[in-house]
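What follows is calculated from the coordinates using simple rules that are stated; it is not laboratory data. Everything numeric here is computed off the predicted structure, so don't read it as measured data. Using ideal geometry, Cβ is built from the backbone for each residue, glycine included, and neighbour counts are taken over all protein chains shown.
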Amino acid sequence: MSVLILAEIDNGAIKKSSLEAIYYGSEVAKMKGTTATALVIGSASAGDLAAAGNFGAAKVLHANDARLAQGNIMAYADVLVSAIQHESSDVVVLAKSSLGDAVAARVSGKLKASIVSNVTELPDLSGGFKVKRSIYTGKAFAHVEMKGDCKILAIKKNAVLVSEGTATANVEVFSPALNDASFGVKVTGTHKASSSISLPEADLVVSAGRGLKGPENWGIVEDLANALGAATACSKPVSDLDWRPHHEHVGQTGIKVAPNLYIACGISGAIQHLAGVNSSKVIVVINKDPEAPFFKAADYGIVGDVFEVLPKLTKAIQALK
Amino acid sequence: MKILVCITNVPDTTAKISFTDGDTKFNKTGVTYICGPYDDYALSRAVELRDQLGGTVTVMNVGEADSEQVIRKCLAIGADDAIRVNCEPTDSYFVAEQIAVVAAQEKYDLILMGRESIDYNGGIVHGLVAQMLGIPSLSPVMKLEIDGNTAKMTREIEGGKEDIEASLPLVLGCQEPIAEWKIPNMRGIMTARTKPLRVLEPVGEGLTVTSKYELPAPKGACKMVSADEAEKLIDLLKNEAKVL
């Protein structure tokens, strides 16, 4: 009856958000008096897999069939169901992502498992199984009772404070039979920005809006982001104007982020933008308009010209290192 | 081309969120309801495909009678008919089951919906519906072209996008820029009044129950740093907020 965690791979290593999910799953396992098993799908080194133990996994099931390399949703769901049966798991945990959500939904459908997305805290197991989830794009929370024999939790970033240990997980090769019918969807091309830090996973984000006046001015934003080791993001108008790609657009209809630090440069803070960033731990707003509504949602603010302030900040960060 | 578009009836993106009855019910007072913005993109693309390839667009909502204003607006934008399943859409599995029951009978070529509803933000229903029907689902889809029995799509992934091909039937969660939002014209509004709207009763039951709601703790005051001493901010972030 172990708790099973679906862990995703990026560039040969377990994704940071998935390590957080493993830690979350291991905490749930402790509450239930059982152990946590991580299912890792895709190619990864033995050392990386065993390191899942640092995050609380007692065991890693490694499914590494070459046909799974493209992240096929239906095939992943088949593998996850096999792993749930193999481990007799009644709780499944995963980090919210475009692949994870889709796989979790199918598994819920296959097993008639209750599913809750955007879980923000560890569950309450005193009398039933209750979770807290974020709703209305971070503007409120709901306490939800999960019924059914199997429960699936898609967790939001920072749902649990991770503390890393030094244990090693036992790695087992996991090769369930794959169904040809699950490979009907073909990926014919991938366009991915190279070397940039993944925005949904980032702990630090530097975001800019129309206050930058044009795409040619993004250098000062990138300089600050590079100095910090932060991901870059933008507001909706900037993405609509094609100054920046859509996958950087943060807001109600874009990416929702929950970094430790969100620095907004030249963004006024429309309610739709705030919806995408209100789960950030600390928000800094830099805007020349002291009346910009974003200051009301900020922890720190600077009223000033981004073209003067950003280079100063970059310099101050560099001086720290 | 027989298309089903599933829509949500949700509070406007600028709505003030609050709760009543000891934080057990959403406070609808003074809240304007809209068709989910992602659902609007799905509907717009469905109408374009129908106009291009022929066929029908049916709009479906799992929701109570107060959804009908939004459903009529979808008919005014160009859907041919509508189905409403008369219940409160409280649980992903339950909502998906209502859609799958109808879809299993009607055999749609495409089932489109928004990537997520903007009230519960689950992004789960399209995958569930597809599983219940035994067909693939993809989300978030930013581009959709139909070539015979094949759908050619672009899907957003973390840090980029990918091009995908799959055979119909499919379930797709949609987002911008799959189509431009459409605004109903006068003729659309007039004809929407008489387009058929079937009301069905729900089947099955949900697997989750919401017991209580909660608002986030209010934010403290914003600490201002002078632009002339901008470097002080870095010190505060490092030593006070401890995020660097």
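Just to check, using Stokes-Einstein with a Kirkwood Rh over alpha carbon pairs, what's the diffusion coefficient of the protein assembly as shown at 37 °C and 0.692 mPa s in µm²/s? Before the final figure, lay out the partial values.
Numbers: Rh = 24.3 Å.
The Stokes-Einstein estimate is 135 µm²/s.
Order of B:9-22, A:263-276 by packing, highest average Cβ count within 10 Å first?
For the peptides B:9-22, A:263-276, the packing ranking is A:263-276, B:9-22.
How big is the Kirkwood radius of the range A:101-227, worked out from every pair of different alpha carbons and given in Å to one decimal?
Result for the range A:101-227 stands at 19.5 Å.
Kindly work out what percent of the DSSP beta bridges joining two residues of chain B are antiparallel, to the nearest 5.
Values: 19 of 46 bridges.
Among the beta bridges of chain B, antiparallel pairing accounts for roughly 40 percent.
Which of these, A:80, A:228, A:94, has the largest mean-square fluctuation under a Gaussian network model of chain A (Cα springs below 10 Å)?
A:228
If you place +1 on the Cβ of every Lys and Arg, -1 on the Cβ of every Asp and Glu, and leave all else neutral, what size is the dipole of the range A:75-141 about its Cα centre, to the nearest 20 Debye?
300 debye
With +1 on each Lys and Arg Cβ and -1 on each Asp and Glu Cβ, how big is the dipole of the protein assembly as shown about its Cα centre, in debye rounded to the nearest 20?
In total the dipole reaches around 480 debye.
Say we join alpha carbon atoms closer than 10 Å with springs in a Gaussian network model of chain B; which of B:214, B:88, B:48 then has the biggest fluctuation?
B:214
As an exercise, take the mean of 1/r over every pair of distinct alpha carbons in the range A:197-321, invert it, and state the Kirkwood radius in angstroms.
On the way: mean 1/r = 0.0717 Å⁻¹.
Result for the range A:197-321, one decimal place: 14.0 Å.
Only four residue types carry charge here, +1 at the Cβ of Lys and Arg and -1 at the Cβ of Asp and Glu. Report the dipole size of chain A about the Cα centre in Debye, rounded to the nearest 20. List each step's numbers first, then the result.
Working: 31 positive and 30 negative charges, 107 e Å.
With only Lys, Arg, Asp and Glu charged at Cβ, the dipole is about 520 debye.
Using the per-residue mean of other Cβ atoms lying within 10 Å as a proxy for protection, in what order, highest first, do the peptides A:18-26, A:4-12, A:311-319 fall?
Details: A:18-26: 27.1, A:4-12: 21.9, A:311-319: 17.7.
Packing order, densest peptide first, comes out as A:18-26, A:4-12, A:311-319.
At 222 nm, what value in deg cm²/dmol follows for chain B if DSSP H runs of at least 4 each add -39500 (n - 2.57) and the sum is divided by all its residues, to the nearest 500?
My calculation for chain B gives -8500 deg cm²/dmol from helical runs alone.
Considering only the range A:210-321, what is the antiparallel percent among its DSSP beta bridges, to the nearest 5?
0 percent
What's the average, rounded to a whole number, of partner chain beta-carbon atoms within 10 Å of each residue's beta-carbon in B:220-227?
Numbers: counts 1, 5, 11, 5, 8, 8, 3, 10.
Mean shielding count: 6.
Of A:55, A:129, A:294, which is the most mobile in a GNM of chain A whose springs link Cα atoms less than 10 angstrom apart?
A:129
Taking N as the number of residues in chain A, what is its alpha-carbon radius of gyration divided by 2.2 N^0.38 Å?
Numbers: Rg = 20.9 Å, N = 321, 2.2 N^0.38 = 19.7 Å.
Normalised Cα radius of gyration, chain A: 1.06.
What relative contact order, as a whole-number percentage, does chain A give when Cα pairs under 8 Å and 6 or more residues apart are counted?
14 percent
Which distance in Å, rounded to a whole number, links the C-alpha centroids of the range B:92-123 and the range B:39-86?
Centre-to-centre distance over Cα atoms comes out at 13 Å.
Expressed as a rounded percentage, what relative contact order does the range B:2-216 have, with Cα pairs under 8 Å and six or more residues apart? Walk me through the numbers before you get to the answer.
Values: 456 pairs, mean separation 59.3, N = 215.
The normalised contact order for the range B:2-216 reaches 28 percent.
Taking beta carbons within 10 Å but only from partner chains, what does the mean come to for residues B:92-101?
For peptide B:92-101, the averaged partner shielding equals 2.
With 19 Å as the cut-off, how large is the P(r) tail for the range A:76-142, expressed as percent of Cα-Cα pairs?
Roughly 39 percent, rounded to a whole number.
So which trypsin sites (Lys or Arg not before Pro) in the range B:45-107 pass both tests, a DSSP loop state and at most 14 other Cβ atoms within 10 Å of the Cβ? Provide the component values of the computation, followed by the final result.
Values: sites: B:45, B:50, B:72, B:73, B:84, B:107; in loops: B:107.
Passing sites in the range B:45-107 are B:107.
Work out the mean other chain Cβ neighbour count within 10 Å for the residues of A:273-282 and drop it here as an integer.
Shielding by partners across A:273-282 averages 2.
Over all directions, average the projected area of the Cα convex hull of the range A:3-183 and note it in nm².
Dividing the Cα hull surface by four gives the mean projection, 9.8 nm².
Beyond 22 Å, what percent of the Cα pairs of the range B:2-216 remain? Don't skip to the answer; put the middle values down first.
On the way: 11057 of 23005 pairs.
It works out to 48 percent of all Cα pairs.
Which of the listed residues, B:160, B:230, B:124, is farthest toward the dipole's positive end in the range B:120-244, when Lys, Arg count +1 and Asp, Glu count -1 at the beta-carbon?
Comparing the listed Cα positions along the dipole, B:124 ranks first.
Semi-axes of the range B:129-229's equivalent ellipsoid from the Cα gyration tensor, sqrt of 5 times each eigenvalue, largest first, rounded to whole Å?
Each semi-axis is the square root of five times an eigenvalue, giving 36, 26, 22 Å.
Could you tell me how far the Cα centroid of the range A:171-186 sits from the Cα centroid of the range B:203-236, in Å?
Taking the Cα centre of each part, the range B:203-236 and the range A:171-186 sit 41 Å apart.
Just to confirm my numbers, what's the Cα centroid distance between the range A:91-161 and the range A:53-81 in Å?
Here the two parts' Cα centres lie 19 Å apart.
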